[in-house]
Every structure is written in structure tokens, then in C-alpha cells.
Amino acid sequence: MKSSTHAAISVTVALIFALTVAIALIKLGFAGPWVTQNINLANMFLTGVPVPHSCCFSASPEVVTSVIWDERGIDTFYETSVLFLAIIGTLYVLAGTFKARPTPEGMTLIVRVISKLVAPIIIVVSLSVALHGHLTPGGGFQGGAIFAVAPVLLLAGWGSSKLLSLGFERDTLLSLRVTGVLLIALTGIGTLIIGLLKGVNAYVFLNQPKPQAPIGYLGWISTPWGNIVLGGTLILLNIFEFLAVAAGFTLAILAVDSSGGGKE
Amino acid sequence: MVKSIYAYLIVGLILLGIYILYTGSVSMMELILGAIVGFSVAYIFTDEWIKKPSKLNLRRLSILIAYALKYFTVIEAKAHWSVVKAILSPKPSLKPAIVRVPYRVSDEYAIVTIANSITNTPGTVVVDVSEDKKALFVHWLFAEVTEDEEARKHISAEFESWAKLIFEG
């Protein structure tokens, strides 16, 4: 088949799919210029999350992160576990092929210099995204995914020997990744343990105190310069998720590169 | 590893600045977090960024700023104008060619500065670098001359003299 026919078919299929979804949403009353009301679930979160003492208060102005890590925390934990297992699987499949290769040929001085200049800037930005997940759009997963761009650039410009010399070693990354996932789990069951010890009600992935469960994590710190918002578990989970995702993606990239997939 | 505390402080402060710029808010909390982040990342990358800390000084920085000001206003405007004329004229006098442009600097930052200055001006794009022959291969829209030295005079002589002042000597 010619590539132009291929492209035409792909575009047609994509357009038909998009139109079907649009028509279905309009027919069901979820979309269109005449829809002016949110669905009930959205209203519950939008009005509940920022209000203290409500059922879903998260001590954070970021509704999306609150839903991801507080209201649906256990769900997100299993998503993280899926990524964890996927990376374990990748390493298992590529076991034994993990070794440093020399600098790739064909990359000019320009790519090498610019990649080493840009890599630390990417890492700083990714940390900013992860550390502000409870305040602005972003979070641990997004930050970790941004972080992974830095090793990709260094790999393209310098080869894996550079990454190894900078300390991106397999065992270090693997321990960081396991530590990240373990700390997420510990943060999740932390309130449960305290609740059992104190003899009060508590839930798994409990963030702020609830009417039925009177314990919770530190939501904010009051200082003379103003309140420092922590969002309870949100900032902790974002940091641990950043560790897990950043180390995991870097591991996967290194593994695929060293198995010969990075260059042909 | 960090060989020079002076270089480490400078790289750390630059990264702290980038953190604050990206975060978009200045408070006690942000400054502390930014310093932790900036100086930790600087610990890994300082020796990659700066090989000879003794070359860092205010004179070079002020020349760099002067070059940036001139480059982004005068040089860019001239280059844009020549391409705008070519686009708007019914019979543009185009003579596209790839020419070899030798350079006489050895510092890697100087070479990249020259290459990126060439690429960023409309009409010229660096397509390859030969480090053993010390030459850039440049696609030039108005290749009036094709000899190495003549092309260098037209394309990169000014960038090179600035790069030499900033990164060498």
C-alpha cells in the first residue's frame, strides 16, 4: 500500500472516531454550547475540596491533584504499581545486556554541548513541577516524566557512559524506584497504623481528618511570613511519585539503549 | 563531584534563578526549596558546565551581554531584512549552497556560540561540524562566494571575534 493511501485512511478513521464521540456526547447531554451545568460529581469535588470540614477537604487549592492522590489515592497507587511492574518486566526481558556503550558517533559538538547545558535546567524544572503539584497543575508523575528528558538528551549526545559517570547507575536507580513506591505505600497506610494504635477510626490513603475519622496529616504550617501549604499527603506522595517515575523512566531508557535498541 | 567551590556557587545560583523564574513566585519557602534543588543539581553538573573556573569573570560576562544585545537587535534585524527582501521580491537573487567555514577557536563553548549565532540568523544554517578540520558546514541562501576564507569573512568573522573575547584569551 502506498504511504499516501495509508495516510488518507488513518485521517479518515481518526475523523470518523472523533465525530462519533462528539455526537455521542451531544446526544447524551454532556457537551454542546447549551450545556451550562457541570455533572454532579464534578460539582461535589469543585465545591468540596477547598472547604475545610467538608467530606473531601484536602488542604490544597488544586482540585485535580486532590482527586488523584486523596479521593482516589488507592487507585493512583495501583497505577504507580502497574508502571513499577512494567519497568521490572522491561529490565527482566533485557537482563544481562546492561552495559555502557561509548559516545555515539554522528552527534556533533553542538548537540553535546547544548545537551549538557540543558539537562540540569530540565531537572530543575521537573523538580519545580513535582514540588508544586499540590498548588498548581503538575505533580509527581508529570515531574518525573519531564525529568526523564534529561537522560534521553545526555544519552543522545554522549552515550550511556556519560550517564553512568554522572551517577545514573542501575542499582542506584533501582533502589530509588523501590524506595519511592514503598514510601507511597507507607504514606497511604500511615494514618491506618496511627488509628489502630490510638483506637480511632482511620482509612487507607486518608489525608485530612474526616467526620468519621479524626486523624490526618499536616495540612499547612503557619509562619510569620504566611501559611506554607503542604496539602497533607499530597506533597509527600508527589515527591515519592517523582522519585519512582523519574528513576523508573531513566532505568527503562538506559536498559533499552544498552540492549542495542537505541542505535542501529 | 565538585572541584571548585566558586564554580559550584555560580552554577547553583543560576539553577536557583531558573527555579524561581519557572515557579513564578518568590517567597521564603520557594527560596529555600529552590536553593536545595539548585545546589543539589549543581553538585552533579558543575564539572560538566565549567572546566576552568578561573576563566569566569565579570569582564567576560559584560562582553557576553553586549554581544547578546547587539546580536538580537542589529545583526538579527539585518539578516531578517535580507530574507524579507528575498521573499517579497518577484525575482529573488537566490544562490543556495553549502559552504565550508573554518574557525580558529578551540573552546567548545566558543565553537557552539559561533555555530548557533550562524543558525539563528535567517539565511544561514549550520548543517555539520568537523572538529578535526576545524570547520563548520553552512547552508547559505545567498552564497556570493564559495571559497572558505571569503565565506568566513561574510558569515562568521564577526561572531568569531566576539566568541573569542567571551570564551578565550
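One table, with the values for the structure above:
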item	result
Selection within the stretch B:119-129 - part of a strand (DSSP E or B), surrounded by fewer than 17 Cβ atoms within 10 Å (Cβ to Cβ) and either in contact with a helix residue (DSSP H, G or I) (Cβ under 7 Å, 6 or more places away or on another chain) or more than 9 Å from every other protein chain (Cβ to nearest Cβ) (or both)	B:125, B:127
Any hit, the stretch B:108-117, residues being touching a strand residue (DSSP E or B) at 6+ places or on another chain (Cβ under 7 Å) and more than 30 Å from residue B:14 (Cβ to Cβ)	no
From the options B:62, B:54, residue that is surrounded by 11 or more Cβ atoms within 10 Å (Cβ to Cβ) and either facing another protein chain (nearest Cβ under 9 Å) or part of a helix (DSSP H, G or I) (or both)	B:62
Residue count for the stretch A:130-160, restricted to those that are within 12 Å of another protein chain (Cβ to nearest Cβ), closer than 16 Å to residue A:68 by Cα and within 12 Å of the chain's Cα centre (by Cα)	4
Conditions (1) in a helix (DSSP H, G or I); (2) within 14 Å of chain A (Cβ to nearest Cβ); number of the one not met by residue B:76	(2)
The stretch A:29-76: number of residues that are surrounded by fewer than 21 Cβ atoms within 10 Å (Cβ to Cβ) and not aliphatic (A, V, I, L, M)	23
The stretch B:65-106, residues that are of a type in the set (A, V, I, L, M, F, W, C), in contact (Cβ under 8 Å) with a residue 24 or more places away in the chain and exposed (fewer than 13 other Cβ atoms within 10 Å of the Cβ)	B:94
Per-region count, the stretch A:1-15, residues loosely packed, with under 10 Cβ neighbours inside 10 Å and not hydroxyl-bearing (Ser, Thr, Tyr)	2
Selection count where residues are free of Cβ contacts under 8 Å to residues at least 24 places away in the same chain and either part of a helix (DSSP H, G or I) or farther than 30 Å from residue A:70 by Cβ (or both), scope the stretch A:29-45	8
Selection from the stretch B:107-121 of residues that are in contact (Cβ under 8 Å) with a residue 12 or more places away in the chain and either over 14 Å from residue A:108 (Cα atoms) or touching a Phe, Trp or Tyr at 6+ places or on another chain (Cβ under 8 Å) (or both)	B:107, B:109, B:110, B:111, B:113, B:114, B:117, B:118, B:120, B:121
Count - residues of the stretch B:136-169 that are surrounded by 18 or more Cβ atoms within 10 Å (Cβ to Cβ) and within 13 Å of chain A (Cβ to nearest Cβ)	4
Selection within the stretch B:85-118 - in a helix (DSSP H, G or I) and aliphatic (A, V, I, L, M)	B:86, B:87, B:88, B:110, B:111, B:112, B:114, B:115, B:118
Filter result (touching an Asp or Glu at 6+ places or on another chain (Cβ under 8 Å), within 30 Å of residue B:57 (Cα to Cα) and aromatic (Phe, Trp, Tyr)) within the stretch B:137-169	B:167
Residue within the stretch A:9-28 that is at positive phi and assigned to a loop (DSSP other than H, G, I, E, B) present	no
Among the candidates B:109, B:19, residue that is modelled with pLDDT of 90 or more, within 14 Å of another protein chain (Cβ to nearest Cβ) and over 21 Å from residue A:126 (Cα atoms)	B:109
Condition broken by residue B:40, with the remaining ones in (1) without any contact (Cβ under 8 Å) to a residue 60 or more places away in the chain; (2) within 11 Å of chain A (Cβ to nearest Cβ); (3) crowded, with 17+ Cβ neighbours inside 10 Å satisfied	(3)
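Residue by residue, here is whether (1) assigned to a loop (DSSP other than H, G, I, E, B); (2) under 29 Å from residue B:27 (Cβ atoms) holds:
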residue	(1), (2)
A:151	no, no
A:155	no, no
A:167	yes, no
A:184	no, yes
A:193	no, no
A:196	no, no
A:209	yes, yes
A:216	yes, yes
A:231	yes, yes
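The values are calculated or read from the model by the stated rules, or taken from the named source; none is laboratory data. For clarity, every value in this text was computed on a predicted model and none was experimentally measured. A quick note on method: Cβ atoms are made from the backbone with ideal geometry, for glycine too, and the neighbour counts reach across all protein chains shown.
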